[in-house]
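The values are calculated or read from the model by the stated rules, or taken from the named source; none is laboratory data. Nothing here was measured: the structure is a model prediction, and the numbers come from that model. Methodologically, a virtual Cβ is constructed for each residue, glycine included, from the backbone with ideal geometry; neighbour enumeration extends over all protein chains shown.
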Amino acid sequence: MGEAERVGEVIEASTTDFVAQCYELYELPPLGSLVKTGEPGTELYGVVSRATTTSFEPGRRPIARGKDEASEEALYRANPQLMKLLRSEFGVVVVGHREDGGLHHYLPPQPPRIHGFIYRCSPQEIREFASSLGFLSILVNTRLPIAGDEVIAATLRHMSRVYQDPNAFLVTAGKELAVLLSGDFGKLKAILGRLKG
């Protein structure tokens, strides 16, 4: 995987989605960004669909500590243990994989491995992956923990940024969504309205 930026590690996995823990607190990949895991030639690709920062101890909530601090930075300096008591995690919807030399926009035969490394995809990898919009069908039909409209729009905005003409990519994606959501004009309108920005 060479120079790719590693952002976390798989801690829960299925063929449809996985959860990753960040190595650094709050160093989460953006909602809708494309990430990958696996060995070169057999990568799984996914879209970040949610993010959380919680206590390491189940059932134990963090408590407010900053009443007498001037800034959040000062609070963390005064309480360095917080960096060891909290964790940032993100959920990923699997939208494709690489196998037998080909890039496939459908679910892989196997889930990612636990402790598999998660990498941000480079602009070149994003362009290659987004050259076919088959992955949109997975996102449209997946039950997500947040509004699917938000994840789909965030994904397309994120992907459009790697193109010389972002609007051309968004128009093409909008046409694909119009076909996929031909029976749900409200959802289509909501996604298209969120593509700006």
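Across the range 11-64, which residue is farthest from residue 91 (Cα to Cα) among those that are surrounded by 15 or more Cβ atoms within 10 Å (Cβ to Cβ) and among the basic types (Lys, Arg)?
36
Taking the conditions exactly as written (modelled with pLDDT under 95 and either closer than 23 Å to residue 98 by Cα or of a type in the set (A, V, I, L, M, F, W, C) (or both)), does residue 160 satisfy them or not?
Details: modelled with pLDDT under 95: no; either closer than 23 Å to residue 98 by Cα or of a type in the set (A, V, I, L, M, F, W, C) (or both): yes.
Answer is no for this residue.
Of everything in the range 130-168, what is among the hydroxyl-bearing types (Ser, Thr, Tyr) and surrounded by fewer than 17 Cβ atoms within 10 Å (Cβ to Cβ)? Give them in sequence order. If you could, list the steps in order and put the result at the bottom.
Narrowing the range 130-168 to residues among the hydroxyl-bearing types (Ser, Thr, Tyr): 131-132, 137, 142, 155, 160, 163.
Selection gives 131, 132, 137, 163.
Are any residues in the range 29-41 out of contact with any His (no Cβ under 9 Å at 6 or more places or on another chain) and at pLDDT below 95, and if so, which ones?
Those that are out of contact with any His (no Cβ under 9 Å at 6 or more places or on another chain) and at pLDDT below 95: 39, 40, 41.
Can you name the number of the only condition in (1) closer than 22 Å to residue 122 by Cβ; (2) in contact (Cβ under 8 Å) with a residue 60 or more places away in the chain; (3) not hydroxyl-bearing (Ser, Thr, Tyr) that residue 46 fails?
(2)
State all residues of the range 37-85 that are among the polar types (S, T, N, Q) and not in a strand (DSSP E or B); if no residue qualifies, say none.
Residues of the range 37-85 among the polar types (S, T, N, Q): 37, 42, 49, 52-55, 71, 79, 81.
Scanning the range 37-85 gives 42, 71, 79, 81.
Check whether at least one residue in the range 153-168 is touching a residue at least 60 places away in the same chain (Cβ under 8 Å) and hydroxyl-bearing (Ser, Thr, Tyr), and report yes or no.
Taking the range 153-168 first, the residues touching a residue at least 60 places away in the same chain (Cβ under 8 Å) are 153-159.
Subset that is hydroxyl-bearing (Ser, Thr, Tyr): 155.
Within the range 153-168, one or more residues are touching a residue at least 60 places away in the same chain (Cβ under 8 Å) and hydroxyl-bearing (Ser, Thr, Tyr).
Can you pull out the residues in the range 151-172 that are closer than 16 Å to residue 47 by Cα and either of a type in the set (Lys, Arg) or in contact with a helix residue (DSSP H, G or I) (Cβ under 7 Å, 6 or more places away or on another chain) (or both)? So that I can check it myself, show each step before the final result.
Going residue by residue through the range 151-172, those that are closer than 16 Å to residue 47 by Cα are 151-162.
If the condition is that a residue be closer than 16 Å to residue 47 by Cα and either of a type in the set (Lys, Arg) or in contact with a helix residue (DSSP H, G or I) (Cβ under 7 Å, 6 or more places away or on another chain) (or both), then 151, 152, 153, 155, 156, 157, 159, 160, 161, 162 are the ones that fit.
Please name all residue pairs, on different chains or six or more residues apart, with Cβ atoms under 8 Å, provided the first residue is in the range 118-139 and is in a loop (DSSP other than H, G, I, E, B) and the second residue is β-branched (Val, Ile, Thr).
121/35; 133/172
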